[in-house]
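**Student:** Pasting in a structure now, in structure tokens, and then I'll have a few things to ask.
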Amino acid sequence: MARKLYQPLHFNHGYNFVFFLVTAGAMLGFSLSRLMYLDIDGTFCKSGSKTGAAPGECYYYSGRGGSRYRIGIILHLAAILPAGLLVGFQFVPVIRHKALLFHRISGYTIMILSLTSMAGAFMVTDKAFGGELLSQTVTGLAAVMFLVSLLLAYLNIKRLQIEQHRAWMLRAWSYAASVITLRIILQIPGNIISRNGFYTTRLCKQIDYIFGGIENYTMTLYPACEAFYTGKNLDQRVAVAANANSNDPVEVTASIGMTFGMAFLVALALHAILIEAYNGCALFLFNGKPRPA
């Protein structure tokens with residue numbers, strides 16, 4: 001029964017098909033679930049939403065922190081989501097064998113979309129998820145790994161090195177898919193630091209945005225923001241507890257900012273190890289012979 005499912009798609013081995021279902025299915029589902037975020041103001045930055053941007057990030061994405069961030073997030077989402085929808089079909093063998101023109105056109109489209117999305121990501125990385133140094137570093141590392149893998153995949157296909165092209169494409173999208181895994185990992189350190197009294201800082205103008213510009217409410221919770229409201233220091237920062245389970249959205253976003261970089265690093269390392277294990281096992285099983293799809 002299993003063979004009747006995967007052989008018409010030209011998968012010759014069940015483990016390839018299972019790997020495809022898990023990885024391509026996750027990427028497809030994730031991309032579909034995020035399509036609504038293309039409505040930046042109505043959905044992604046909707047006030048009180050628990051599924052959009054982290055609390056306070058839309059201070060920048062709304063354009064108040066500079067048009068660069070709004071343009072950057074639009075570029076990133078508008079490019080990476082269609083790429084995520086298309087990329088799974090690139091690894092379906094029957095499409096490569098029977099619809100080569102579609103495979104090529106789709107491949108170049110995905111490459112262009114990927115480059116565009118990375119440009120957008122670089123534009124917002126200094127503010128995304130708090131803009132912590134570790135977050136910026138691991139985001140840059142993941143982007144470089146992704147782009148270098150795409151470049152090597154492109155160079156290999158130009159030299160008709162089909163297996164190397166496939167291996168590097170698998171690496172590229174395994175690194176990209178780490179953003180899905182990090183959202184699962186993020187829950188663990190978030191709950192740990194919430195119980196251990198960790199603190200970070202946040203800008204008062206960002207806190208003011210989170211609370212809808214209600215000065216009295218902000219001052220009640222964060223009286224040190226007085227300098228911001230009087231105009232003495234428009235970049236005033238205050239200490240904020242990192243608590244993922246708090247009713248205060250400022251504390252929630254502080255928790256996300258403190259743990260995002262670490263979670264991303266762990267997810268990226270995990271995906272890098274797993275894709276090398278997959279490629280290594282395939283090489284071992286076929287002992288240098290041409291590998292079937």
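The values are calculated or read from the model by the stated rules, or taken from the named source; none is laboratory data. Bear in mind the structure is a predicted one, so any value in this text is a computation, not a measurement. For neighbour counting, all protein chains shown are included, and Cβ atoms are generated from backbone atoms with ideal geometry for every residue, glycine included. With ligands, DNA and RNA removed, areas are computed over all heavy atoms of the protein, side chains included. Shrake-Rupley method; radii C 1.70, N 1.55, O 1.52, S 1.80 Å.
**Student:** Give me the number: length gained by fully extending residue 164 to residue 226, i.e. 0.36 nm times residue separation minus the C-alpha to C-alpha distance, one decimal in nm.
**Tutor:** Gain in length upon complete extension: 16.4 nm.
**Student:** On a full-extension model of 0.36 nm per residue, what is the gain between residue 192 and residue 64, subtracting their alpha-carbon distance, rounded to one decimal in nm? Numbers along the way, then the final one.
**Tutor:** Values: separation 128, 0.36 × 128 = 46.08 nm, distance 3.30 nm.
Between residue 192 and residue 64, full extension yields 42.8 nm more.
**Student:** Then there's this: Compute the Cα gyration tensor for segment 158-293, then decide on rounded, prolate or oblate, letting a ≥ b ≥ c be the square roots of its eigenvalues: rounded whenever a/c is under 1.5, prolate when a/b is larger than b/c in the other cases, and oblate in all that remain. Walk me through the numbers on the way to the answer.
**Tutor:** Values: a/c = 4.98, a/b = 2.98, b/c = 1.67.
Because a/c hits 1.5 or more and a/b exceeds b/c, segment 158-293 counts as prolate.
**Student:** When the solvent-accessible surface of protein heavy atoms is calculated with a 1.4 angstrom probe, in what order do 168, 173 fall, highest first?
**Tutor:** Highest to lowest solvent-accessible surface, that is 168, 173.
**Student:** Provide the FRET efficiency to the nearest 0.05 for the residue 201-residue 274 pair, computing r from the beta carbons and using R0 = 35 Å.
**Tutor:** On the way: r = 36 Å, r/R0 = 1.03.
So, using R0 = 35 Å, E works out to roughly 0.45.
**Student:** Please work out how much length the chain gains when fully extended from residue 247 to residue 95, using 0.36 nm per residue of separation minus the C-alpha to C-alpha distance, in nm with one decimal.
**Tutor:** Extra length from residue 247 to residue 95 when fully extended: 49.8 nm.
**Student:** Using the Kirkwood radius over C-alpha pairs as Rh, can you work out the diffusion coefficient of the chain via Stokes-Einstein at 37 °C, viscosity 0.692 mPa s, in µm² per second?
**Tutor:** Details: Rh = 20.9 Å.
For the chosen part, D equals 157 µm²/s.
**Student:** If pairing requires two Cys Cβ atoms under 4.7 Å apart, which cysteines of the chain are left without a partner?
**Tutor:** 281
**Student:** What's the ranking of 70-79, 107-116 by average number of surrounding C-beta atoms within 10 Å, highest first?
**Tutor:** For the peptides 70-79, 107-116, the packing ranking is 70-79, 107-116.
**Student:** Further, regarding this structure: Sorted by accessible area (1.4 Å probe), largest first, how do 160, 221 line up?
**Tutor:** Output order, biggest surface exposure first: 160, 221.
**Student:** Return one number: the angle in degrees, 0 to 90 and rounded to the nearest 10, between the long axis of the Cα atoms of helix 162-176 and the longest principal axis of the Cα atoms of the chain.
**Tutor:** The helix 162-176 is inclined about 20 degrees to the chain.
**Student:** Just tell me which aspartates and glutamates come within less than 13 Å, Cα to Cα, of residue 158; anything on the same chain fewer than 8 places away is out.
**Tutor:** Straight-line reach from residue 158, under 13 Å: no aspartates and glutamates qualify.
**Student:** Residue 39 accessible area, nearest 10 Å², 1.4 Å probe?
**Tutor:** 80
**Student:** Something else: Per residue, how large is the accessible surface of the chain? Use a 1.4 angstrom probe and give square angstrom. If you can, show how the numbers build up before the last one.
**Tutor:** On the way: 15420 Å² over 293 residues.
Accessible area per residue, the chain: 53 Å².
**Student:** Could you sort 203, 101 by accessible area so the largest value comes first, with the probe set to 1.4 Å? Can you show the working numbers first?
**Tutor:** On the way: 203 15, 101 125 Å².
Order by accessible area, largest first: 101, 203.
**Student:** Next up: Would you calculate, for the chain, the mean residue ellipticity at 222 nm contributed by helices, counting each DSSP H stretch of 4 or more residues as -39,500 (n - 2.57) and dividing by all residues, to the nearest 500? Provide the component values of the computation, followed by the final result.
**Tutor:** Numbers: 14 runs with 199 residues, N = 293.
Computed mean residue ellipticity for the chain: -22000 deg cm²/dmol.
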